[in-house]
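Colleague: What follows is a single structure, and I will ask about it in a moment.
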Amino acid sequence: QVQLVESGGGLVQSGDSLRLSCVASGRTFSTYAMGWFRQVPGKEREFVATIGRIGGLTVYSDSVKGRFTISRDNAKNTVYLQMASLNPEDTAIYYCAAKQTMGIPTQSQWYDYWGQGTQVTVSS
């Protein structure tokens, strides 16, 4: 069982940067691929980024590529999402997710564990 706790969300202005963190419980963090997703009320959960077990492989959605960076620190059981050049369309609840796999899953249904989410609001 893995518990995930996100933090770092908030209210920012268009063009600002923000870094989200997600801390995982347990001793096997390095065996999990980690993903970030986001969701706006009334819409489906959207893939944002994913990172492989040791951080060498990453995948981004087209909407955030070049602006967001996912990274991880296995010694701290933490995955990060550095967000730059934020715009109002990035406003959502951001969730981190974990799956014990050697791959880099990009579909929400492939993930086994989820955090409670952190709100990011970007004003224009």
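Colleague: Just want to confirm a number: the relative contact order over the chain, from Cα pairs under 8 angstrom separated by 6+ residues, in percent.
Modeller: Once divided by the residue count of the chain, the mean separation gives 37 percent.
Colleague: For the range 6-45, what does the alpha-carbon gyration tensor say about shape, rounded, prolate or oblate, given a ≥ b ≥ c as the root eigenvalues, a/c under 1.5 as rounded, and a/b over b/c as prolate?
Modeller: Since a/c reaches 1.5 but b/c is at least a/b, the shape of the range 6-45 is classed as oblate.
Colleague: Just to confirm, what accessible area per residue do you get for the chain at 1.4 Å probe, in whole Å²?
Modeller: Spelled out: the 1.4 Å probe surface of the chain, per residue, equals 51 Å².
Colleague: To continue, here is another question. Which loop trypsin sites (Lys or Arg not before Pro) in the range 55-124, with loop taken from DSSP, have no more than 14 other Cβ atoms within 10 angstrom of their Cβ?
Modeller: Hits after loop and neighbour filter: LYS65.
Colleague: Measuring from label point to label point, each 7 Å out along Cα→Cβ, what is the VAL5 to ASP112 span in nm?
Modeller: Taking the simple label geometry, VAL5 and ASP112 are separated by 2.2 nm.
Colleague: Just to confirm the filter: which GluC sites (Glu not before Pro) across the range 1-92 are DSSP coil and have at most 12 other Cβ within 10 angstrom of their Cβ?
Modeller: Passing both the DSSP loop test and the Cβ count: GLU44.
Colleague: Something else now. Test of the criteria: in the range 1-51, which trypsin sites (Lys or Arg not before Pro) are in a DSSP loop and have at most 14 other Cβ atoms within 10 angstrom of their Cβ?
Modeller: Loop-located and lightly packed - ARG27, LYS43.
The values are calculated or read from the model by the stated rules, or taken from the named source; none is laboratory data. What you are looking at is a predicted structure, and each value in this text was computed from that prediction instead of being measured. Positions of Cβ are backbone-derived with ideal geometry, glycine not excepted, and every protein chain shown enters the neighbour counts. Accessible surface areas use protein heavy atoms only, side chains included; no ligands, DNA or RNA. Shrake-Rupley method; radii C 1.70, N 1.55, O 1.52, S 1.80 Å.
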